[in-house]
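The values are calculated or read from the model by the stated rules, or taken from the named source; none is laboratory data. Here the structure is a predicted model, which means the values were calculated and not measured. Neighbour counts run over all protein chains shown; Cβ positions are idealised from the backbone, glycine included. Remember, those area values only see protein heavy atoms, side chains included, never the ligands or the DNA or RNA. Shrake-Rupley method; radii C 1.70, N 1.55, O 1.52, S 1.80 Å.
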Amino acid sequence: YIHKQSDLNERTCVEPNTSLADGNPMPNSPDSMVNQFRLDEENEEEQQGAINKDIFVTVDNPESHISAIETFITYRVVTRTTCSEFDSSEYEVRRRYQDFLWLKSRLEENYPTLIIHPLPEKFVMKSMVERFNDDFIETRRKALHRFLNRIADHPILSCSHHFKVFLTEEELAPHRKLGPGFLSRMSETMRAMANSVRGLRSKLEEFAVMQEYVDDFSNKMCSVDKVTNRIIKEHREYMDELKQYGPTYFQWAESEELLAEPLKGVGSCVERCSKETEEQIQHLSEVLVPTLHEYVLCADTLKAVMRRRDNIQAEFEAKNEALASRTTDKEMVDDLADRVEQANNALRGDWSRWRTSMRADLKSAFISTAAKNVDYYEKVSLTYCPSSLYAVCLQTSRTLASWFFRAALLPHRC
């Protein structure tokens, strides 16, 4: 699976007249503004990433399983690989959501300061009425697909033994039993709580800056996510009104013979605008909202990674103080010092990689949304407006496009 931006040059647009009623030339479509952001260098990076990738994972074919005890969904996970560590070049297994949770928890235990892509929430979102309706299942399938491919693209996580087991073993039950027991997990949790309460004696400046960035990023993503969902809600209300409004003109035309043609024309315009609005809502729901919500969850993941790094340092500081009073073993302190250094180095490397990926994802989503907004307002303006008013409508679409372009550049300024 390789994430690619949609090709704007191939999409179908309504072609406006080449001149206005007053003879002035028609303003250029703001599509050219969109294309300015599609650099050849980005395409080269994507092609290079495809060449270096050797694990390809697909999540598809969801199936419902109903029993007297529980009801759940399983997904087919197909893996194709050229890695020498695998015994075969292709595998096919079925996994349920709990299996993905198991993989994520094992990875977090073994790589506490690596940034592991978030899973979709376990519980149903407020907008979902039924837990197992088609929309919910498809949304979750896409998220699980992204989760596995993020791991497959990672230079360290892709080599994990647990990841290989997840992709290749028919049954995970025997491997679940090999994990830490309940008492061990409780002990680790209590130790983490103690370190958190104790706090840090000193924190490196670079990680303090990271923490500030994460908090700011989280607030921004939550705000943009909420505003986007509010826009979709308002668009849906507008579309419902259009669907009720359009038929009125067709009914009116039946009783007004002299006005029949213009009334039908207005009704047709309303119908077309309703259709375009519905496509606009679908695009926002399928392209922008999932990306925004994904990075809302990513912000929570980053906060958890920062806490784990702080806990490792806090434990080292506590043991180092105990060594000064000769109540602990120096070898244990040295081991903890090495662990702190490894944790810091892992986070440093993954931080840069994560920010590059985040910027590419958000930029792609914002540019795609800008292009769709331009397309939407051009079609709506041509549906309602004569050519003499087209320039005014086009200016509106340009203003909206510029807002999304600034949003696309926002991650680079953070």
Search result, residues across the stretch 98-113 that are within 21 Å of the chain's Cα centre (by Cα) and surrounded by fewer than 16 Cβ atoms within 10 Å (Cβ to Cβ) = 98, 101, 105
Assuming residue 91 fulfils every condition listed in (1) touching a Lys or Arg at 6+ places or on another chain (Cβ under 7 Å); (2) of a type in the set (Phe, Trp, Tyr); (3) open to solvent by 30 Å² or more (accessible area, probe 1.4 Å) apart from one, which condition is it?
-> (1)
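Within the stretch 238-264, how many residues are β-branched (Val, Ile, Thr) and touching a Lys or Arg at 6+ places or on another chain (Cβ under 7 Å)? Show your work before the answer.
Initially, the stretch 238-264 is screened for residues β-branched (Val, Ile, Thr), giving 248.
With touching a Lys or Arg at 6+ places or on another chain (Cβ under 7 Å) added as a condition, the list becomes none.
Qualifying residue count for the region: 0.
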Note down all Cβ pairs under 6 Å where the first residue falls in the stretch 235-262 and is closer than 23 Å to residue 285 by Cβ and part of a helix (DSSP H, G or I), the second is open to solvent by 100 Å² or more (accessible area, probe 1.4 Å) and not charged (D, E, K, R), and they're at least six residues apart or on different chains.
-> none
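To keep it simple, each residue is scored yes or no on (1) open to solvent by less than 20 Å² (accessible area, probe 1.4 Å); (2) in a helix (DSSP H, G or I); (3) at pLDDT 90 or above; (4) closer than 26 Å to residue 116 by Cβ.
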{"site": "334", "(1), (2), (3), (4)": "no, yes, no, no"}
{"site": "341", "(1), (2), (3), (4)": "no, yes, yes, yes"}
{"site": "354", "(1), (2), (3), (4)": "no, yes, yes, yes"}
{"site": "381", "(1), (2), (3), (4)": "yes, yes, no, no"}
{"site": "401", "(1), (2), (3), (4)": "yes, yes, no, no"}
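For every residue, the table says whether it meets (1) of a type in the set (Asp, Glu); (2) open to solvent by less than 40 Å² (accessible area, probe 1.4 Å).
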site: 278; (1), (2): yes, no
site: 282; (1), (2): no, no
site: 295; (1), (2): no, yes
site: 305; (1), (2): no, yes
site: 309; (1), (2): no, yes
site: 312; (1), (2): no, yes
Within the stretch 213-231, track down each residue that is surrounded by 17 or more Cβ atoms within 10 Å (Cβ to Cβ) and of a type in the set (A, V, I, L, M).
-> 214, 221, 224
Which of the residues belonging to the stretch 202-212 are open to solvent by 30 Å² or more (accessible area, probe 1.4 Å) and either part of a helix (DSSP H, G or I) or at pLDDT 95 or above (or both)?
-> 205, 206, 208, 209, 211, 212
Determine if the stretch 239-262 includes at least one residue that is modelled with pLDDT of 90 or more and touching an Asp or Glu at 6+ places or on another chain (Cβ under 6 Å).
-> yes
